[in-house]
Amino acid sequence: MRSGQGLEGVVKVSGATKNAGLKQIAAALLAPGETVLRNLPPVGDLDVMTDLLRSIGAVVTWTGPEELRVNASGDLTPEAPYDLVTRMRASINVLGPLLARCGEARVAMPGGDNIGSRKIDMHLSGLEAMGATIEVRHGFIEAHADGLLGARHVLEFPSVGATENLLTASVGAKGSTVIENAAREPEITELAAFLNRMGAHVVGAGSSTIEIEGVDELTPAESEIIGDRIEAGTLLMACGIAGGEIELTGTRLEHLEMVVIKLGEMGMRVSPTPDGLWARAPRRLRAVDIATLPHPGFATDFMPQVTAALSVAEGAAIVTENVFDGRFQFVDELARMGADVRNEGRHAVVRGVERLSGAPVRAFDVRAGAALVLAGLAAEGETIVHDGHHIDRGYPDLAGTLRTVGADVERLES
């Protein structure tokens, strides 16, 4: 990609396949019959999840450009193989549904982005509190339960993955389950709504306390996947870096409030519209400090992109990563482009420069890759981001989306 004029135009935000769709696909295993999911654009991680469900015994078919059907009517093989699970962390989301439906599950330890320690202790301790027997042997989680029982469980940290797994397991447990200190992300609210359409009784999703009353059976349902707030925030930051005026449709202000607040402090104007958001950016942003926190705080999935924006902002800022301990690997790649970023532990000091320089750089994970693409919008000359397959795991077509608003970005085949 090359830097150019400011961005201008209207973009429809893609469905949130990675953060919402994959979790609902896994939950489809709970109900014999055919579940239909729409607004599900294909991303790299979706291929892994569909292969995983097929290996378990579900029939997965595309019936439209962004419509997927999951038929879990047959007997399931409650095992998630190593070669699939190690490619994508969201594969761990089949653990709860398999345990609830089959009474057992054998799931390889999860992989995914290399962004630091992401332990699954909270998943396992919550399931054990519900009566499951769990052993970790030879790289696999082996779980058994003659019948899950409702329980009250307090999460040590509002983990999205742990909340999702406990939620999908507890809908099939006998009695009431209470998840305290639950994750509050919009994708959790959407998963709970999907489960309720399947016949579950879930209340409180979106708050720190979720209550679930177990049911004897669930039935298939249909779901329209929400707009991807991470893609929307990435596009807002692209506008901030390149300047200009854009409108996003298919997203909601309440999903991006902290991002909008911070971009406002940096000098952007962002306002809600009937269909989404409007944004205008000045020639150059101002530096502000950023600290990531669970929702409704500033999401960790936005940290690399905002660091790229701060690298060309006026002034200096401190970025603090409170969620993952290995997320700053990308700063060395930004430095190759002339950014002044000094990282130590969970903190980075970013001193904005007037302009970056195009350079060959490497994406280490999906959001870091997006950040390097955004940095290229503010770089003189050409920037080439290698290992772009990481970006494809979470964005259906980031280069094409940016081109619709005037960016000079091209996706090269490897």
Review point. Take the residues of segment 59-109 that are part of a loop (DSSP other than H, G, I, E, B) and among the hydroxyl-bearing types (Ser, Thr, Tyr): which is surrounded by the most Cβ atoms within 10 Å (Cβ to Cβ)?
Key: Thr86
Point to revise | Single unsatisfied condition, Pro294 versus (1) over 24 Å from the mean Cα position of the chain (by Cα); (2) in a loop (DSSP other than H, G, I, E, B); (3) surrounded by fewer than 21 Cβ atoms within 10 Å (Cβ to Cβ) | key: (1)
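Conditions (1) under 27 Å from Gly394 (Cα atoms); (2) in contact (Cβ under 8 Å) with a residue 12 or more places away in the chain; (3) of a type in the set (A, V, I, L, M, F, W, C); (4) in the same structural domain as Gly369 (by TED's automatic domain parsing), marked per residue:
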position	(1), (2), (3), (4)
Gly64	yes, yes, no, no
Ser73	no, yes, no, no
Arg87	yes, yes, no, no
Asn93	yes, yes, no, no
Gly96	yes, yes, no, no
Ala108	yes, yes, yes, no
Check your understanding: What about Glu190, is it in a helix (DSSP H, G or I), surrounded by fewer than 24 Cβ atoms within 10 Å (Cβ to Cβ) and in contact (Cβ under 8 Å) with a residue 24 or more places away in the chain?
Key -> yes
Point to revise | Yes/no for Leu263 being in a strand (DSSP E or B) and either buried (at least 17 other Cβ atoms within 10 Å of the Cβ) or not β-branched (Val, Ile, Thr) (or both) | key: no
Review point. In this structure, is Gly147 among the small types (Gly, Ala, Ser), at pLDDT below 95, within 19 Å of the chain's Cα centre (by Cα) and not in a helix (DSSP H, G or I)?
Key: no
Practice item. Could you please find all residues in segment 371-391 being under 15 Å from Ala242 (Cβ atoms) and in contact with a Pro (Cβ under 6 Å, 6 or more places away or on another chain)? Key: Ala371
Check your understanding: Taking segment 337-360 on its own, how many of its residues are more than 27 Å from the chain's Cα centre (by Cα) and surrounded by fewer than 18 Cβ atoms within 10 Å (Cβ to Cβ)?
Key -> 6
**Study point:** Of residues in segment 353-394 being part of a strand (DSSP E or B), in contact with a helix residue (DSSP H, G or I) (Cβ under 9 Å, 6 or more places away or on another chain) and not hydrophobic (A, V, I, L, M, F, W, C), the one nearest to Ser311 (Cα to Cα)
**Key:** Ser357
Practice item. For segment 319-338, enumerate the residues that are outside any helix (DSSP H, G or I) and touching a strand residue (DSSP E or B) at 6+ places or on another chain (Cβ under 6 Å). Key: Val319, Thr320, Glu321, Asn322, Val323, Phe328, Met337, Gly338
Check your understanding: within 15 Å of Val11 (Cα to Cα), of a type in the set (Gly, Ala, Ser) and either assigned to a helix (DSSP H, G or I) or in contact with a strand residue (DSSP E or B) (Cβ under 9 Å, 6 or more places away or on another chain) (or both), is that true of Ala279?
Key -> yes
Revision key, fill the gap. Only one of Val10, Val36, Val59 is free of Cβ contacts under 8 Å to residues at least 40 places away in the same chain and more than 30 Å from Gln329 (Cβ to Cβ), namely Val59
Check your understanding: Just one of Leu53, Leu40 is outside the structural domain of Gly376 (by TED's automatic domain parsing), buried (at least 19 other Cβ atoms within 10 Å of the Cβ), assigned to a loop (DSSP other than H, G, I, E, B) and touching a strand residue (DSSP E or B) at 6+ places or on another chain (Cβ under 9 Å); which is it?
Key -> Leu40
Review point. Within segment 160-168, is even one residue surrounded by 14 or more Cβ atoms within 10 Å (Cβ to Cβ), in a loop (DSSP other than H, G, I, E, B), outside the structural domain of Gly394 (by TED's automatic domain parsing) and among the aliphatic types (A, V, I, L, M)?
Key: no
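The values are calculated or read from the model by the stated rules, or taken from the named source; none is laboratory data. For clarity, every value in this text was computed on a predicted model and none was experimentally measured. Note: ideal-geometry Cβ built from the backbone for every residue, glycine included; neighbour counts use all protein chains shown.
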